[in-house]
Amino acid sequence: MSNIEFNNARAIDWAWKVNANDVNSNDAQIKSALMDLTKPVYVAKSATSLGVVNTTAATGDTDVLAFAQKLTPQDLGDDAYKKQHGVKYAYHGGAMANGIASVELVVALGKAGFLCSFGAAGLVPDAVEDAIKRIQAALPNGPYAVNLIHAPAEEALERGAVERFLKLGVKTVEASAYLGLTEHIVWYRLAGLSENSDGSVNIGNKVIAKVSRTEVGRRFMEPAPQKLIDKLLSQGKITPAQAELSKRVPMADDITAEADSGGHTDNRPFLTLLPTIIALRDEVQAQYNFSPALRVGAGGGIGTPESALAAFNMGAAYIVLGSVNQACVEAGASEHTRKLLANVEMADVTMAPAADMFEMGVKLQVVKRGSMFAMRAKKLYELYINYDSIEAIPAEERLKIEKQIFRSNLDDVWAGTEAFFTERDPDMLARAQSSPKRKMALIFRWYLGLSSRWSNTGEKGREMDYQIWAGPSLGAFNSWVKGTYLEDYTRRYAVDVALHMLKGAAYLQRVNQLKLQGVSLTTELAGYRSED
């Protein structure tokens, strides 16, 4: 076929004309016209063939056969999302725990007009406070968010995080891994409520909630439950006025339908999850008529312009990327890890026990290529299920895990664990000291917790134990950039990657508009590559 063809049976009468001499018909010219996202594209006939032009002419001599509107990265997504968060783009850099979504990542994206969440989960409160202050110094007017992770086994951490957020004036949190609402997330939300002069509710503390289940999504879409409101009132953490205002706002401003992502995930495909969460939002919004209305974004499984466009076309107000950003220069991961991530394929991920919800059997998605973490973590969970204490583990099994996994005597590991939880959560330590089963869980969590830190710091000799969170979207991204400059992980900068993702989505949308009008393009013209 020629580089561009037109199906007359699907012709549309635009009543627009262009000058035949202005029509560009070679591949390079057509690509250039399509890539100029700030101008519309018109398909027309030149003297010898079909081609494109970016402008019409009142006195033109040939008819426009098809048309694609101007569409820039800033045009994608929900305008209300961009306005409320003070950003240019409907693109959110998702939180990655232990500071993988680093200060540098948050600041780089924030300065370019993107919202990004600092990965506070897993860090001690002092480290989180230091990071927030550095972000605030670099982005005094935002935008930025901080992750607030549900910690059912370590409630003190969640409470402490909210205390720091309120003290430091953090205006947006990304709530993740919640199984239901807690008094701490409700406290954060309600403590920022006040009444505007016109009687409307001013929402000072914004919440972006990542959910993969409708029952959890509903909790964040509705007002705070009265039981938790009463508890906070009795503690003096909120005012009666804030309690009353809470009845008029949902618990979150934005709901991210979190599909098959890295880290904590239910492995839901976003093709089914996103429309389900949007339908739930519509049901709740019809009941409460919130103003501003709830928004739903999409995260997990997005690693190419095609998947980004699919999310927007399915109604996502914004998109969230995490795994892809983890391989970027600004991410708080070691060079060894970033290099490994740049070579991950879609099948190179698996599920493994999570450190923060180990006793509950919760799993998260990690890289299996180049690491034995997943296999070793599963072994520890099997031992936890089968035995009631460290002492009950057969001597041969204990020796094996001490040598292969811990590389240390378990008694020494426990001594280090005691010191750690004395500072981090003394109540957790007290419960473990009176329960051999819980003590065993904390010892095993020593390995699960440190393995992610080893990956971030590049701990020498522990490469096969690195716990690296990623979803299959990273493999899709790596496949997409193969053969381009972005294949080199040292050249992956978060803002560049984000703009390519959005530019590619806008480009593909224009191509789709032309296709719907009967225009056929060559494979080269129909696709978007980062080299473009």
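Below are the figures for this structure:
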quantity	calculated
Computed E for LYS231/THR523 - FRET, C-beta separation, R0 56 angstrom, nearest 0.05	0.40
Diffusion coefficient, µm² s⁻¹, Stokes-Einstein with Kirkwood Rh over alpha-carbon pairs of the range 196-298 at 37 °C and 0.692 mPa s	224
Per-residue SASA entry for LYS171, accessible area with 1.4 Å probe, Å² rounded to 10	110
Contour minus Cα-Cα distance for ASP266 and THR59 (0.36 nm per residue)	68.6 nm
R0 of 30 Å, Cβ-Cβ distance ALA415-GLU163: FRET efficiency to nearest 0.05	0.50
15 Å cut-off, amide nitrogen to a point 7 angstrom out along MET360 Cα→Cβ, residues in the range 162-204	175-185
Shape category assigned to the range 381-505 from the gyration tensor of Cα positions, a/c cut at 1.5	prolate
The range 400-432 and the range 32-85: distance between their alpha carbon centers, rounded to Å	62
The range 392-454, accessible surface, carbon-and-sulfur percent (1.4 angstrom probe)	51
Positive minus negative residues near LEU179 (Lys, Arg vs Asp, Glu; Cβ under 15 Å)	-4
Mean Cα-pair separation over length for the range 99-230, i.e. relative contact order, pairs under 8 Å, 6 or more apart, %	19
Volume per residue that the Cα convex hull of the range 292-438 spans, once the total is divided by residue count, Å³	193
Cα-derived Rg over Rh, computed across the chain with Rh taken as Kirkwood radius	1.04
Estimated distance in nm for a label pair at LYS247 and ALA138, the labels positioned 7 Å out from Cα along Cα-to-Cβ	4.4
Under Karplus coefficients 6.51, -1.76 and 1.60, residue-wise ³J(HN,Hα) of the range 128-144 in Hz, glycine/proline x	5, 4, 4, 5, 4, 5, 5, 5, 5, 5, 7, 10, x, 10, x, x, 6
Fully extended contour minus Cα-Cα distance, from MET346 to GLU487, at 0.36 nm per residue	49.2 nm
Accessible area of TYR89 in the full protein assembly, 1.4 Å probe (Å², nearest 10)	20
FRET efficiency estimate (nearest 0.05) - Cβ-Cβ, ASP130 to ALA430, R0 30 angstrom	0.60
More than 16 angstrom apart: percent of Cα pairs within the range 319-368	51
Average accessible area per residue (Å²) across the range 142-271 - probe 1.4 Å, nucleic acids and ligands excluded	36
Total formal charge among the other residues, if their Cβ is under 11 angstrom from that of THR522, Lys/Arg +1 and Asp/Glu -1	-2
Relative contact order computed over the range 353-405 (Cα-Cα under 8 Å; 6+ residues apart), in percent	26
Label-zone membership for the range 297-321, site LYS83, 7 angstrom Cα→C-beta point, backbone N under 17 Å	317-318
Span from the the range 193-211 Cα centroid across to the the range 157-179 one, whole angstrom	16
The chain: relative contact order as a whole-number percent, Cα under 8 Å and 6+ apart	16
Summed residue charge, Cβ within 10 Å of ALA347's Cβ, Lys/Arg positive, Asp/Glu negative	0
GLN74-LYS378 pseudo-label distance in nm [points 7 Å out on the Cα-to-Cβ vector]	4.9
Extension reserve of the THR457-GLU531 stretch, reckoned as 0.36 nm per residue once the Cα distance is removed	23.5 nm
Inter-label distance, nm, simple model (7 Å from Cα along the C-beta direction), LYS400/ALA28	6.4
Helix-only [θ]222 nm of the chain, DSSP H runs n ≥ 4, -39500 (n - 2.57) each, per residue, nearest 500	-13000 deg cm²/dmol
Solvent-accessible area per residue for the range 311-361 (1.4 angstrom probe, square angstrom)	31
Accessible surface of the range 322-389 [probe 1.4 Å, protein heavy atoms]: carbon and sulfur percent	50
Backbone N under 20 Å from the ALA15 label point (7 Å along Cα→Cβ), restricted to the range 49-77	55-69
27 Å Cα-Cα threshold exceeded, pairs from LYS167/LYS503; LYS39/LYS210; LYS82/LYS210; LYS167/LYS247; LYS83/LYS227	LYS167/LYS503; LYS39/LYS210; LYS83/LYS227
Accessible surface of the range 1-128, 1.4 Å probe, proportion on carbon and sulfur as whole %	48
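The values are calculated or read from the model by the stated rules, or taken from the named source; none is laboratory data. Computed from a predicted structure; not experimentally measured. Because the Cβ atoms are built from the backbone with ideal geometry, glycine has one as well, and the counts that use them run over all protein chains shown. Please note that ligands, DNA and RNA were not included when accessible areas were found on the heavy atoms of the full protein model with its side chains. Shrake-Rupley method; radii C 1.70, N 1.55, O 1.52, S 1.80 Å.
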